[in-house]
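Below you'll find the structure, written out as structure tokens, and then a few comments.
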Amino acid sequence: MPRKSKIAADRRRSPAPDRPVRERILAAAFTAFRDRGFSEATTSEIATLAKASKRELYACFENKQDMLIAGIAERAKRIRPPLDLPAPRSREALLGTLTAFGAATLRGVCEPGVLAVYRLAIGESERSPKIAKALDTAGREAYRAALAAFLAKAAANGLLAHHDPAAMADFFRALLWGDVLIRVLLGVADVPSINEMERRAGEASRALLAAFGT
């Protein structure tokens, strides 16, 4: 599509003008970064897509990197499962919560928009390492901390051995993901089906209980 036609098409699907200006800018920035690449997208194009002035844009964000980092954080909050998991009182509750958390994690990360964020972060990792760090902090680290806290509660209730909760969380995540994410990001595998995600989550949960259950 010619550049002018592309911009015109983007304008038609730009954020609604009644949304807060910061929200419009983040949505427009993500569209521009995804469609044209982080380096190629300009602040002028983003302002046009957001139906905002350059002055409004720079009042909210210092530069494109700040827009992408803020967008990553906002997107991570919207798609991740609840991180304050209730303490399990039985083996069945532990297994059910672990399975639900694992399946929700897989669904959230495998959303097209989230995969696009991963690819953006990877593509800019050398020039803008803060982008990859922001994704890691908002995504992997947040999930790991929540899971470790939950497993510590399970251990306190006598359902798991008193092992390092962070190590147990890493064990679970390794089984849950395997090489799925990297294969999907490389485009050599399709996103798993919902049934496959639930199967993986169930198997990882049962394996954790077999390894660390009391």
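The values are calculated or read from the model by the stated rules, or taken from the named source; none is laboratory data. Given the structure is predicted, the values throughout are model-derived calculations rather than measurements. Heads up, the Cβs are rebuilt from the backbone with ideal geometry, glycines too, and the neighbour counts pull from every protein chain shown.
Kindly evaluate ASP66 against the criterion of being outside the structural domain of LEU175 (by TED's automatic domain parsing) and part of a helix (DSSP H, G or I). Criteria met by ASP66.
The residues of region 143-156 that are surrounded by fewer than 16 Cβ atoms within 10 Å (Cβ to Cβ) and in contact with a Leu (Cβ under 9 Å, 6 or more places away or on another chain) amount to a single one, ALA145.
Among the residues of region 172-198, those that are of a type in the set (Asp, Glu) and either outside any loop (DSSP other than H, G, I, E, B) or not assigned by TED's automatic domain parsing to the domain that holds TYR118 (or both) comprise GLU196, GLU198.
Condition check ((1) surrounded by fewer than 16 Cβ atoms within 10 Å (Cβ to Cβ); (2) of a type in the set (A, V, I, L, M); (3) in contact with a Phe, Trp or Tyr (Cβ under 7 Å, 6 or more places away or on another chain); (4) assigned to a helix (DSSP H, G or I)) across all residues:
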residue: PHE33; (1), (2), (3), (4): no, no, no, yes
residue: PHE38; (1), (2), (3), (4): no, no, no, no
residue: ILE46; (1), (2), (3), (4): no, yes, no, yes
residue: LEU57; (1), (2), (3), (4): no, yes, no, yes
residue: ALA76; (1), (2), (3), (4): no, yes, no, yes
residue: PRO82; (1), (2), (3), (4): yes, no, no, no
residue: PRO86; (1), (2), (3), (4): yes, no, no, no
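Scanning region 131-146 for residues that are closer than 18 Å to ALA116 by Cβ, among the aliphatic types (A, V, I, L, M) and in contact (Cβ under 8 Å) with a residue 60 or more places away in the chain yields ILE131, ALA134, LEU135, ALA138. Listed conditions (1) of a type in the set (Asp, Glu); (2) in contact with a helix residue (DSSP H, G or I) (Cβ under 8 Å, 6 or more places away or on another chain); (3) outside the structural domain of GLU40 (by TED's automatic domain parsing) are all met by GLU56, apart from (3).
Results for (1) among the charged types (D, E, K, R); (2) at pLDDT 90 or above; (3) surrounded by 15 or more Cβ atoms within 10 Å (Cβ to Cβ), shown as yes or no for each residue.
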position: ILE72; (1), (2), (3): no, no, yes
position: LEU94; (1), (2), (3): no, yes, yes
position: GLY102; (1), (2), (3): no, yes, yes
position: PRO112; (1), (2), (3): no, no, no
position: ARG127; (1), (2), (3): yes, no, no
position: ILE131; (1), (2), (3): no, no, yes
position: ALA134; (1), (2), (3): no, no, yes
position: ALA138; (1), (2), (3): no, no, yes
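Of the numbered conditions (1) of a type in the set (Ser, Thr, Tyr); (2) closer than 19 Å to ASP179 by Cα; (3) within 17 Å of the chain's Cα centre (by Cα), SER125 satisfies every one except a single condition; which is it? The one condition SER125 does not meet is (2).
The condition of being under 28 Å from ARG89 (Cα atoms) and assigned by TED's automatic domain parsing to the domain that holds THR97 does not hold for ALA132. When GLU203 is tested against (1) within 30 Å of ALA70 (Cα to Cα); (2) out of contact with any Leu (no Cβ under 6 Å at 6 or more places or on another chain); (3) modelled with pLDDT of 90 or more, exactly one condition is not met: (1).
When HIS163 is tested against (1) surrounded by fewer than 18 Cβ atoms within 10 Å (Cβ to Cβ); (2) modelled with pLDDT of 95 or more; (3) in contact with a helix residue (DSSP H, G or I) (Cβ under 9 Å, 6 or more places away or on another chain), exactly one condition is not met: (2).
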